[in-house]
Amino acid sequence: MTVADLRDLAERLAREAGDLVRSGRPDTVEVAATKSTATDVVTRMDADSEALLRRGIAAARPDDAILGEEEGASSGTSGITWVIDPVDGTVNYLYGIASYAVSVAAVVGPPDPLEWTVLAGAVHSVVDGRTWTAGLGAGATVDGRPVHVSAETDLGQCLVGTGFGYDAERRRAQARVLVDVLPQVRDIRRLGSAAIDLCLVASGELDLYYERGLNPWDMAAGALVAHEAGARVTGLRGRPADREMTVAGPPEAVARLVGILEDADADSDS
């Protein structure tokens, strides 16, 4: 398969799972389980959507590995791993807030943001039906239309997206960082889906985005979409984007935001 083929498959799978999530949402969603904390929830749809994605990948690419949020890792022999988030923004899905997505990406190398190369990805926003896709070296689109990051360089005019963890101590540290960031930017948005946030950066609908604690499936597809739309996607202190910190946006504005985050020790929970 070429990168274009992988991109097409990622888009098809993300749209199919998105259709399931959209059509299968009951009037009242119940929590099926919790993970890291009592507020880190799993619904039945998380499992159903991931099962659909796994079936689709196995049918199209039986030799590929899969890393999914709910079922973990399965092995493969092709060298390609599919990194999937069946419902990114589960709490929004639970409450009926319109920001949750299906994220599908194909990577080579270990399924670790520090070591992989993302070849193709798609993020399907379930409520409004938009789908962002990207292929390595082939640009990024939303519903087939090319997208590009904001040209804003003045940090004070930048609308910035972020997110918060589930652990109380981490949230306390993130609130401390927010006190330093908020006075220096236009405003902050907390939408609740990292995959959508990264894609909104790609479309210029957010100028910048930063978050600590992203999992591989949260960022795989969205980070490629942002990168292919012209964003710099990085961590702090010279590190690549990873669990410690992910920052995305126009390169000049990112450099300024990175400086603020480093000064605030935003990659620390103390």
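The values are calculated or read from the model by the stated rules, or taken from the named source; none is laboratory data. Note that this is a predicted model, so its numbers are computed, not measured. A quick note on method: Cβ atoms are made from the backbone with ideal geometry, for glycine too, and the neighbour counts reach across all protein chains shown. Ligands, DNA and RNA are stripped out before the accessible areas are found, and what is left, the full protein with its side chains, is counted by its heavy atoms. Shrake-Rupley method; radii C 1.70, N 1.55, O 1.52, S 1.80 Å.
The condition (being touching a helix residue (DSSP H, G or I) at 6+ places or on another chain (Cβ under 9 Å) and open to solvent by 10 Å² or more (accessible area, probe 1.4 Å)) is satisfied by just one residue among Asp112, Asp85: Asp112. Each residue in the stretch 60-70 was checked for being assigned to a loop (DSSP other than H, G, I, E, B), open to solvent by less than 50 Å² (accessible area, probe 1.4 Å) and modelled with pLDDT of 95 or more, and 2 of them qualify. When you check Ala241 against the structure, is it of a type in the set (Gly, Ala, Ser) and farther than 22 Å from Pro146 by Cα, yes or no? Considered against the rule, which asks whether it is of a type in the set (Gly, Ala, Ser) and farther than 22 Å from Pro146 by Cα, Ala241 comes out as yes. Of all residues in the stretch 6-50, those being without any contact (Cβ under 8 Å) to a residue 24 or more places away in the chain, in a loop (DSSP other than H, G, I, E, B) and either touching a Pro at 6+ places or on another chain (Cβ under 6 Å) or acidic (Asp, Glu) (or both) number 2. Ala202 fulfils the conditions (1) closer than 28 Å to Trp82 by Cα; (2) in a loop (DSSP other than H, G, I, E, B); (3) of a type in the set (Gly, Ala, Ser) except for a single criterion, (2). If you go through the stretch 12-59 and keep only what is closer than 30 Å to Ser78 by Cβ, open to solvent by less than 50 Å² (accessible area, probe 1.4 Å) and in contact with a Gly (Cβ under 9 Å, 6 or more places away or on another chain), you end up with Leu13, Ala14, Ala17, Gly18, Met45, Ser49, Glu50, Leu53, Arg54.
Report yes if Arg237 is free of Cβ contacts under 8 Å to residues at least 60 places away in the same chain and over 22 Å from Gly109 (Cβ atoms), otherwise no. Spelling it out, Arg237 is indeed free of Cβ contacts under 8 Å to residues at least 60 places away in the same chain and over 22 Å from Gly109 (Cβ atoms). Taking the conditions exactly as written (surrounded by fewer than 24 Cβ atoms within 10 Å (Cβ to Cβ) and closer than 17 Å to Arg256 by Cβ), does Arg239 satisfy them or not? For Arg239, the condition - surrounded by fewer than 24 Cβ atoms within 10 Å (Cβ to Cβ) and closer than 17 Å to Arg256 by Cβ - is not met.
Say whether the condition of being open to solvent by 10 Å² or more (accessible area, probe 1.4 Å) and over 19 Å from Ser193 (Cα atoms) is met by at least one residue in the stretch 94-109. Taking every residue of the stretch 94-109 in turn, at least one turns out to be open to solvent by 10 Å² or more (accessible area, probe 1.4 Å) and over 19 Å from Ser193 (Cα atoms). The residue that is most open to solvent (accessible area, probe 1.4 Å), among those in the stretch 246-256 that are at negative phi and not charged (D, E, K, R), is Pro251. From Gly222, Gly259, Gly204, Gly230, which residue is buried (at least 21 other Cβ atoms within 10 Å of the Cβ) and either more than 27 Å from Val42 (Cβ to Cβ) or in contact with a Cys (Cβ under 9 Å, 6 or more places away or on another chain) (or both)? The match here is Gly222. Which condition from (1) over 15 Å from the mean Cα position of the chain (by Cα); (2) closer than 21 Å to Val102 by Cα is the one that Tyr210 breaks? Answer for Tyr210: the failing condition is (1). Looking at Ala195, Ala138, Ala151, Ala134, just one residue is in contact (Cβ under 8 Å) with a residue 24 or more places away in the chain, open to solvent by 60 Å² or more (accessible area, probe 1.4 Å) and either in contact with a helix residue (DSSP H, G or I) (Cβ under 7 Å, 6 or more places away or on another chain) or in a strand (DSSP E or B) (or both), and that residue is Ala138. Criterion first (touching a residue at least 40 places away in the same chain (Cβ under 8 Å) and open to solvent by 40 Å² or more (accessible area, probe 1.4 Å)) does Val127 satisfy it? Judged against the criteria, Val127 is a match.
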